[in-house]
Structures are given as structure tokens and as C-alpha cells.
Amino acid sequence: MRIFCPPQEKMPVLSENNPDKRSLIWIPFSQPEPDQKLAKEISFYKRKGMNVVYEYVPQSERGDGSLSVYSSRHNIPYRNIKVEAGVRGDRKSELKSRRKQLKYLKTVREYNGI
């Protein structure tokens, strides 16, 4: 499934396989579309049921100072894992959030052979 955000945001959601929309892998890149290598990585995450957001970072536009923009502009591989934070003090909620975070981290590590 491919859903595009408004054009000014330049961040298509390339995979919405996880019903928890707040959990995702954020991938910045300097081209409007993923290249073959990145498409392979995104396919891997889709098969694992992960949500993936692709951030197109044009070289010509002024950045927002974020690490994703910096890494894209300097050709540094960067993956940002985002999950909904647990409710502070609610052990069950905090544990659930931590498990989601570890699941996404494990998947990124698995793809990269770490």
C-alpha cells in the first residue's frame, strides 16, 4: 500500500502493515523515490509487518536541522524507530511501549546483520 502525505511534507507512507499507526521506521533519503537497494530494505520491513515512512530530503531545500535531514544530505544511512510512548508510571503501558520499540529495533538489526 502506498499513501502519500501532502506534497509539502514529502513523506509517503510506504507500508502500513501494523495497525498501530504510531509505530514505524522512518527512512530519509535524497531521492524522490527509493533506489533499488532501499526498495529491497523496505520490502523486508513490509514482510515483517512494519510501518515504514519514506522522507524525501531534497538537497536544494533548507533543512529543519534534524538528524534525518543531516544524514540524508551526507549520505549516512539512518533509520529512526518511532513508537508511542508508554504512560509514565503505568508499568503495563511502559512495558508495552518498550516491547514495540525492541521489536522494531530487532527487525532493523536483523536486516543489517547486526
In the stretch 67-114, residue modelled with the lowest pLDDT [restricted to those that are within 14 Å of the chain's Cα centre (by Cα) and not in a helix (DSSP H, G or I)]: E84
Qualifying residue in the stretch 65-72 (condition: of a type in the set (V, I, T) and more than 18 Å from K21 (Cβ to Cβ)): yes
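Taking the stretch 23-66, which residues are of a type in the set (D, E, K, R) and either surrounded by 13 or more Cβ atoms within 10 Å (Cβ to Cβ) or modelled with pLDDT of 85 or more (or both)?
Residues satisfying the conditions are E33, D35, K37, K40, E41, K46, R47, K48, E55.
Answer yes if at least one residue in the stretch 37-47 is assigned to a loop (DSSP other than H, G, I, E, B), in contact with a strand residue (DSSP E or B) (Cβ under 8 Å, 6 or more places away or on another chain) and of a type outside the set (D, E), and no otherwise.
Step one: of the stretch 37-47, the residues assigned to a loop (DSSP other than H, G, I, E, B) are none.
Looking through the stretch 37-47, none of the residues is assigned to a loop (DSSP other than H, G, I, E, B), in contact with a strand residue (DSSP E or B) (Cβ under 8 Å, 6 or more places away or on another chain) and of a type outside the set (D, E).
The values are calculated or read from the model by the stated rules, or taken from the named source; none is laboratory data. As the structure is a computational prediction, the values presented were derived from the model and not from experiment. Note that each Cβ is placed from the backbone with ideal geometry, even for glycine, and that neighbours are counted across all protein chains shown.
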